[in-house]
Amino acid sequence: MHCTVLHRWAALMLSVVFAISNLTACNMINLPRNMNLKAFSPHQAEFTCKYEADANPPITAQAEVLFQQGMAVTSNDLWPDKRDYVKAAELWKMAADLGHWKAAMNLAGLYEQGLGVTRDTEQAVVIVEGLMKKGVPAAFDKMGIYHQRGIGVKGDSSRAYAFWQLAADMGSSAAQAYLGEKLDAAYDNPSQGFWGNREVGLKMLECGFAQGNGSAAYFLAMSRKNGDQDYVRALKIYHDGVKFGSRDCARDLSVSFDEIEPLTGNTIDTARADRYRELRAALELNPDLRFPNLDKVLPLPPAELPTWDGRRETLIDAAKGLVPIPTVRPTPGSQRTGRAHIPQGHVLRASSQPPLAVEASTLVPYSGYWLPKLHAIYRAHEQAWAQSQVPQRYIKGEAFEPVDRSSMGQYARVAPRTVWQYLGEAIPAAAAVHPRVAQGVARSTQVPEPHVRCRGSMPCPRTGVWSGRVPRDHPMAQLYNRWDRMTYIEKGHPFPNPRDQYIDIASHDVRWTWLDNANQARVNGIVDVTLTDLHDEQGASDA
């Protein structure tokens, strides 16, 4: 009887273990990393261009600020030992909790490498799986990379390519660039990783290029150059690729302008080669850089090059995107008069030390702002009087003026004595720095008011940097309305045509806003690359 009980107990435990194992295996199979995938088909007959901006979940302003702050403290402009990955992990975790998918992707990257957090590839995979469940195309592209490299999962190239194909079909510009280059061949060579499906490959590259992907621009430019011998189009795509942050495009153009090549009109132009070389070097140091205003410092021929002072910083800063400085609002005390006036943009220093207080009958011992106070407060009307007082500036050696206590009414005479509390001199308020400026990828500008606007179908009414937008209800609004969608244009020239970048938007649908920042012309007609805002005194126009 005892043996029978033991046998039954052992059988029961074995069945429990088996059930748990099956349940665990079932759960693992159902994880996004193990999802059923359609096998990679390099000879697919069709490809429909989709944009990841249309698929990604919306990002709130609060989450975006946290994300950009994390980018700023890990900026490639900082020395490696100055980058604060611990702080970035905290910021990106908060942003990810608010639904910011880019922050979540960056956080997964920290877990991959063990930067700011303990290295945990399983956690990285889990984060990416969470984004896959939300339909983020870039997450499927990342899962392909994980399978290719065996990061947190078993290495499997076949599944990697299947994930990349799915990501490209969903709109991932990175996957479109990668697979587009693999398919843009004249014949198949799987051992070397390319296949002859140029029609589909080009469609993928054009779709990635439309999304501003630098790698897609590079591979597309090479295809137009080597496959089609369309040098005019290839040169323009290469140039746009530099705007998108492709150091490969910058490298190729620096070489081409130094040699006699059909791409650059069989003309050597060392000045242009030098500038592309500087841009490539900058992108080597900071791959996050983008140069939407490249034409301000390096327009394509036959345009004349503006004079450049030879400093890389000038070249880079002038080509960066711009972020508008918020409208200046009055700072506290700036609208008061007399002694109570505090200059605009200045504040009184906050101090952790007890402020110095002197009797009202004492001569002013220090120049600066002084606040009238009661030596003690016992009644509500005394509290109300104290709260209504404002700092007043006195010069050392002056006598404090009599304090008006009439608002206390009949209690004014019996109120505690008046003392003056020293608050110090006003100091310039710390200017708020936009996170992208702190990151080193943008430059701030004061947008002139009233605004100058023009439709894209009209000639540019004045030289400078222009920012383009389409209405929010436009089907391409998610793709087109980006912070860096801007360009530098000379007066009288046409605005960029979105269809030249494979974006199905009519020119007249784009509304351009002038951000100023034109290069400065000398008296002798030579134009210098400048960063100074040059505001037009003639007022606004609306073409």
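The numbers here are math on the coordinates, done by the rules we state, and not lab data. Keep in mind it's a predicted model, so treat the numbers as computed, not measured. Note that each Cβ is placed from the backbone with ideal geometry, even for glycine, and that neighbours are counted across all protein chains shown.
Taking all Cα pairs closer than 8 Å and separated by 6 or more residues, the relative contact order of the chain comes to 11 percent.
Starting from segment 295-369, pick out the GluC sites (Glu not before Pro) whose DSSP state is loop and whose Cβ has at most 11 other Cβ atoms within 10 Å. Of the GluC sites (Glu not before Pro), the ones in loops of segment 295-369 whose Cβ has at most 11 other Cβ atoms within 10 Å are Glu304. Given +1 at the Cβ of Lys and Arg, -1 at the Cβ of Asp and Glu and no other charges, the dipole of segment 298-337 around its Cα centre is 340 debye to the nearest 20. When the alpha carbon coordinates of segment 290-402 are projected onto the principal axes, the ranges are 78, 33, 28 Å, largest first. Computed across segment 435-528, the Kirkwood hydrodynamic radius from all distinct Cα-Cα pairs reaches 14.5 Å.
Calculation over all alpha carbon pairs of segment 142-298 in 10 angstrom steps from 0 returns a P(r) of 12, 35, 33, 17, 4, 0 percent. Here's the picture: charge each Lys and Arg Cβ at +1 and each Asp and Glu Cβ at -1 in the chain, and of Ala521, Ser191, Thr532 the one pushed furthest to the positive end of that dipole is Thr532.
Relative contact order, percent, of segment 338-428 when contacts are C-alpha pairs under 8 Å separated by at least 6 residues?
Values: 153 pairs, mean separation 44.9, N = 91.
The normalised contact order for segment 338-428 reaches 49 percent.
In plain terms, the residue of Met71, Met94 with the fewest other Cβ atoms within 10 Å comes first and the most crowded comes last, giving Met94, Met71.
Looking at the calculated P(r) for segment 338-428, what percent of the C-alpha pair distances fall above 18 Å?
Working: 1882 of 4095 pairs.
Value for segment 338-428: 46 percent of Cα pairs lie more than 18 Å apart.
A straight chain from Gln387 to Gln344 at 0.36 nm per residue would run longer than the Cα-Cα distance by 13.2 nm.
For Gln44 and Thr532, the difference between the fully extended length at 0.36 nm per residue and the C-alpha to C-alpha distance is 170.5 nm. Remark: C-alpha extents of segment 281-333 on the principal axes read 52, 27, 19 Å, sorted largest to smallest. The distance from the alpha carbon centre of segment 155-192 to that of segment 60-123 is 28 Å, rounded to a whole number. With all pairs of different C-alpha atoms in the average, the Kirkwood value for the hydrodynamic radius of the chain is 28.2 Å. Charged side chains reduced to their Cβ positions (Lys and Arg at +1, Asp and Glu at -1) give the chain a dipole of some 1560 debye around its Cα centre. For the pair Ser157 and Ser457, a Förster radius of 51 Å applied to the C-beta separation gives a FRET efficiency near 0.60, rounded to the nearest 0.05.
What list do you get for Tyr378, Tyr369 if you sort them by fewest beta carbons within 10 Å? Walk me through the intermediate numbers first.
Details: Tyr378 11, Tyr369 21.
Listed from fewest to most nearby Cβ atoms, that is Tyr378, Tyr369.
When only alpha carbons are used to place a centre, segment 373-397 and segment 289-351 end up 40 Å from one another.
Just need the relative contact order of segment 435-528 here, percent rounded to a whole number, with Cα pairs under 8 Å and 6+ apart.
Working: 153 pairs, mean separation 34.8, N = 94.
Normalised by residue count, the contact order of segment 435-528 is 37 percent.
Once both labels are positioned 7 Å from their Cα atoms along Cα-to-Cβ, the gap between Ala438 and Trp483 label points is 1.2 nm.
Using the number of other C-beta atoms within 10 angstrom as an exposure proxy, rank Lys182, Lys296, Lys396 with the fewest first. Don't skip to the end; give the middle numbers.
Details: Lys182 21, Lys296 26, Lys396 10.
The most exposed by this proxy come first: Lys396, Lys182, Lys296.
Pick out, from Met94, Val200, Gly130, the residue whose Cα sits farthest towards the positive end of the charge dipole of segment 91-219, with +1 on the Cβ of Lys and Arg and -1 on the Cβ of Asp and Glu. Checking the options against the dipole of segment 91-219, the answer is Met94. Assuming charge only on the beta carbon of Lys and Arg (+1) and of Asp and Glu (-1), the dipole of segment 43-88 about its Cα centre is about 180 debye to the nearest 20. For the peptides 249-255, 513-519, the ranking by mean Cβ contacts within 10 Å, running from highest to lowest, is 249-255, 513-519.
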